[in-house]
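The values are calculated or read from the model by the stated rules, or taken from the named source; none is laboratory data. If you're wondering where the values come from, they're calculated on a predicted model, not measured in any experiment. With ideal geometry, Cβ positions are generated from the backbone for all residues, glycine too; neighbour counts draw on all protein chains shown. These accessible areas exclude ligands, DNA and RNA; they are computed on the full protein's heavy atoms, side chains included. Shrake-Rupley method; radii C 1.70, N 1.55, O 1.52, S 1.80 Å.
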Amino acid sequence: VLQNLSQTPVLRELLKEAKMPDAAVKIDSPELFMEPQLIKLDQPGPLTLAMYQFLTEMQETKKGVVTPKELFAQVCKKAIRFKGYQQQDSHELLRYLLDGMRAEE
């Protein structure tokens, strides 16, 4: 799941912009009659920051092995079911990760 997310350029760029102070994102509407919307973003929460740091490390590292310890710790704070390293479905991790980031916005 995390490898797939790391290869999502739109997500990486959005997280990069969200990390900047007083960040704003321009959203273009597919309908021709609507003006583009400029949305000001709040400071990202700890889960969103951990996700940004992890994706950045995955893209920039040359050492080959990246460990998502901080990201996993933040996910566990939002979804206690992941504590203890029991086997979980990857789609559940994705759902809790994205829901947790959305709750921080």
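Annotations for the structure displayed:
- Given a 1.4 Å probe and the protein chains as shown, Ile80 ends up with an accessible area of around 120 Å².
- Each other residue within a Cβ distance under 12 Å of Glu105 adds +1 if Lys or Arg and -1 if Asp or Glu, for a net charge of -1.
- Nearby aspartates and glutamates by direct alpha-carbon distance to Lys26 (threshold 19 angstrom, same-chain neighbours under 8 apart not counted): Glu13, Glu17, Glu35, Asp42, Glu105
- Candidates Lys69, Lys26, Lys40: whichever shows maximal mean-square fluctuation once the chain is modelled as a Gaussian network with Cα springs under 10 Å: Lys26
- Local electrostatic count, Leu15, Cβ distance below 12 Å [Lys/Arg +1, Asp/Glu -1]: -1
- Rg/Rh for segment 64-105, where both radii come from Cα atoms and Rh is the Kirkwood radius: 0.97
- The alpha-carbon atoms of segment 1-103, seen along their principal axes, cover 51, 32, 24 angstrom, with the largest extent given first.
- In this structure Arg81 has an accessible area near 110 Å², from a 1.4 Å probe over the protein heavy atoms.
- Here the contact order of the chain, divided by its residue count and restricted to Cα pairs under 8 Å and six or more residues apart, works out to 26 percent.
- Listed values for segment 36-46 are Karplus-derived 3J(HN,Hα) couplings in whole Hz (6.51 cos²θ - 1.76 cosθ + 1.60, θ = phi - 60°), namely x, 9, 10, 10, 7, 9, 6, 4, x, x, x, and x replaces Gly and Pro.
- Whichever lysines have a C-alpha closer than 19 Å to that of Lys83, once near sequence neighbours (fewer than 8 apart) are set aside: Lys69
- Å² of accessible area per residue within the chain, as computed with a 1.4 Å probe and no ligands counted: 75
- Accessible carbon and sulfur surface of the chain relative to its total accessible area, %, 1.4 Å: 54
- Cα long-axis angle, helix 9-19 against the chain (0 to 90 degrees, to the nearest 10): 80
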